[in-house]
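Each reported figure results from applying straightforward, stated rules to the coordinates on display, with no laboratory input. None of the values given here were measured: they were computed from a predicted structure. So basically every Cβ, Gly included, is an ideal-geometry build from the backbone, and we count neighbours across all protein chains shown.
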Amino acid sequence: ILTLHRMLSLVTFFFRGRWGQIPRDIPVPEVRMVSTPNGTIRVLLWNVGKPGIPLVCLHGLNGSPWAWARTAGWISQQYPNAPPIYALSMPGHGDGTQTHNVSVDLENTMKGICRALEVLQADVFHLLGHSWGGKVATYIACKRTAHVKSVVLCDPVMPQGVAPVNLLAPMFVRLGFVAERRVFMTKESLDNGRHYVMHMNKAVDPMEKNLWGDMFKLHGDGHFHPRVPDSLFWDIVTKTLMHDIKGLLHHIECPVLCLRPDMTVSPWPGAVRHLQKLETVRFGHIAGDHC
C-alpha cells in the first residue's frame, strides 16, 4: 500500500501536476498561540502589520497550518506589500493545539476560528480552504456573511458531504491516509516515512519537515503516533464531513472561487450541483490531484 502511495506521485504528473515549483528559500512565518473558549489555536503569520484585509488559510483533515507555509511564504515574498496572511490550526491538529473537550462539528470549529481572528483583530477577512478546511470555509461564509469578503475553495468537501461510498466503506478512507496515520517506532523511521507521502518534497526542506513532524506526537511508549487520535479522526470523517449544509448556501453573499483538480475528492456526477446554483460562485481547474 505504501508503494502504491509512492506510485501515485507519478500518476499526478500524468495529470500535469507539478510538485516543488515554489522555491525553498521562502520567508519563515511568525508563530503565535491564540487562546479561545474551545481551546488553543496555533497561527502562522506572514506580512504582519501590513494594511489590508487578511487572507485566512484553513488546512485539511490530518494536516497542519504548515501545509500552507510554502504558498503563503511565496505570496509574501513575491508581494511584500500584500495584506497579512494567517494559517490556522484546525481543532486537534498541530503541535501545541488543544481542544477543550468540545465537539469538532462545523459550528464549534467556526466559533474557535472566528474567536482567534478576533484576537488577531481581523474583523473582515478572505478565506482559503482545502478539503475539510474548504467545507469549514463554506460554512463560515454561510454564517458570518458580514465578515467574509471572498472565499477560495481548493477541492473542498462539498456542502452535501463526501462521497457516500467513503462513509459506507471506511477502507477507502484508510487507504487514503495509510501513509500518514501510521505509528513509527523510531525517529529515523518517522523521518523516512515522509518519502511515502506523494505531496511531500523528497529533498530535505524545513517547511516540509515542520509539516510532517507536526502530524505526529511522541508517546510514553517511545513511539511516534498520529497527533490526531483515531476517535477525533473518525468523528470528523463520519460526522463533520457528512454534515449537509447545502440548505445554508443561499446565505453566501461574497464571491467564491471553487478550484477542482483532475483527481478530486468529489468525483461523482453532480457533486458540484449545489454550488453551481449560486450566482456568486465560479469554478476553476487545478492540474494534478487533491493534495
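Give me the net charge of Gln121's neighbourhood, meaning all other residues with Cβ under 14 Å from the Cβ of Gln121; Lys, Arg count +1, Asp, Glu -1. Before the final figure, lay out the partial values.
Working: positive: Arg32, Lys50, Arg115; negative: Glu118, Asp123.
In short, +1.
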- [ ] For Lys187, list the aspartates and glutamates whose Cα falls under 14 Å from its own Cα; do not include residues on the same chain fewer than 8 positions away.
- [x] Asp214, Asp221
Open item on the list: Checking the cross-link filter: which lysines have an alpha carbon closer than 23 Å to that of Lys50, excluding same-chain neighbours under 8 positions apart?
Closed with: Lys149
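Counting Lys and Arg as +1 and Asp and Glu as -1, what is the net charge of the other residues whose Cβ lies under 9 Å from the Cβ of Arg181?
Numbers: positive: Arg174, Arg182; negative: Glu180, Asp230.
So the surrounding residues net to 0.
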Open item on the list: On a straight-distance basis, which aspartates and glutamates could pair with Lys246 in a cross-link, Cα separation under 16 angstrom, same-chain partners fewer than 8 positions away excluded?
Closed with: Asp105, Glu107, Glu279
